[in-house]
Amino acid sequence: MSPSGNRTATEIGEMVDQSLRAGVVVYSVDPTPLTSLTPGADYDVTQAFTAQAGAGAWISTQAAAKVLGGYTKGALALLEVYRSGLRTLAEGTGGLMAADTDTTAALGRFTEDLQGYYLLTYKPQVPERYFAAKKGQPPPFHSVGIRVNRPGLHVRSYAGYIAMADPAEREASVPGEISQALFSPFSASGVRVGLTSVFTMPTSKSPELSLLLHIDARDLSFTSGDDGRYHARFVLVARVAGERAEPAQVVAKEADLQLEEGSYREAMLMGLAYRVSVPAQRAGLYQVRVAIRDTGSGKLGSAREFIEVPDLKNGRLALSGVLVYSASAKERDAGAPGSSELRVFRRDDSLAFACQIFNAKSVRAEARVMRDGTQVMVVPIESRAAADGTSTAKGVVPLAALAPGNYILQIVARGEQGKDPVTSQWSDFEIVP
């Protein structure tokens, strides 16, 4: 925040309000290097005193001490002004700010702070009383205070809210329980669900986000029906929100599973793969949230992640998301499914990958396998042009030479003419013995 930041302060206040409405708690770190708040050897105290008292004024020891003290107070105040934006974001949303060059220690404090929290809600009987604004005036800010009766306890919570109603969503509202799981700052684990979001363009001029879900079928309430099948139902809600002030896209689906004996046994062993497609309206950063509710038991599960949609209209080289899957035709392995939804592979397997390349007539590309920030393998890529002007990049990574652990597969591409900057996309995967 700048020293003359009335407008900036207003914008930060709006950011705090939007964060609270989205269920986001901000933890901030000021990594500014440590500096002395006292003047250095080159500081001319006489000159500073003359600037305040006028030319010819005599400086006493007491006056010099006062000038030096004023320097320290001014430096401290200026430092606090620059930190105030980070502090407001953190304290306004119930988080913490660390003014510490040791980011590892700061992250440790943040992690410890997130070990537990209480979610308190209040629904007023007369909402207009709390969200009303006077005509012609900006919405007021209302403080929120929480007090506890037990001595020695300190409560940290939201600072308050701007008395402004949420913008209306274009889609139907999300049911209460599943909405809580969708917007909670922590994932619900009653139904274990994994989320992978991938940007793709399956047909010309139809960019979309493919949400790849892996659902642990053991958490669903299956019942045996008179038809010899196993039945279960769940409700799934996906919400995709961009960085612009636009209504989020909300997709709600209800799944009615009717599995034969063999399919049921496989689902219990391997889990269920479920996919949802959401149109990618604009380029930019999106937050994807999904929540699932098992109809039979009421158990909830949720997951969330961020994904960036490239700008395809500017003509620059761009890549879709990367799909990875097992390249072998061996029997499926519960401990290492090797699927796009659950990317765990055995060392005797091979990993296949594919992605789309946009805005390039000819392109050079390679696949890099990274572990702990170090490149451990480079794999050539086969690229084929399509009739719609895109290209498809494919390849296979042999895993036998790689030790068990977590890896990153990075696809790196550049135009043959060398005019386009290098672009890349990645996907994570795990190798088990």
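The values are calculated or read from the model by the stated rules, or taken from the named source; none is laboratory data. Model, not experiment: these values are computed from the prediction. Cβ: placed from backbone, ideal geometry, glycine included. Neighbour counts: every protein chain shown.
Could you check, for segment 239-253, whether at least one of its residues is surrounded by fewer than 17 Cβ atoms within 10 Å (Cβ to Cβ), closer than 19 Å to A181 by Cα and among the basic types (K, R)?
yes
From G160, G152, which residue is in contact with a strand residue (DSSP E or B) (Cβ under 6 Å, 6 or more places away or on another chain), farther than 17 Å from L300 by Cβ, at pLDDT below 85 and not assigned by TED's automatic domain parsing to the domain that holds T295? Let's see the steps before the verdict.
Details: G152 fails: in contact with a strand residue (DSSP E or B) (Cβ under 6 Å, 6 or more places away or on another chain).
The conditions single out G160.
Looking at the structure I just gave you, is A248 free of Cβ contacts under 8 Å to residues at least 60 places away in the same chain, closer than 27 Å to F186 by Cβ and not charged (D, E, K, R)? Give the steps one after another, and end with the answer.
On the way: free of Cβ contacts under 8 Å to residues at least 60 places away in the same chain: no; closer than 27 Å to F186 by Cβ: yes; not charged (D, E, K, R): yes.
So A248 fails the test.
Going by the structure shown, is R368 within 25 Å of the chain's Cα centre (by Cα), basic (K, R) and more than 21 Å from L209 (Cα to Cα)?
For R368, the condition - within 25 Å of the chain's Cα centre (by Cα), basic (K, R) and more than 21 Å from L209 (Cα to Cα) - is met.
Give just the number: which of (1) part of a loop (DSSP other than H, G, I, E, B); (2) surrounded by 11 or more Cβ atoms within 10 Å (Cβ to Cβ); (3) among the small types (G, A, S) does A400 not satisfy?
A400 satisfies every listed condition except (2).
Which residue, of A352, A336, A360, is over 17 Å from T200 (Cβ atoms), in contact (Cβ under 8 Å) with a residue 12 or more places away in the chain and touching a strand residue (DSSP E or B) at 6+ places or on another chain (Cβ under 7 Å)? Step through it out loud before you land on a result.
Details: A352 fails: over 17 Å from T200 (Cβ atoms); A360 fails: over 17 Å from T200 (Cβ atoms).
It is A336.
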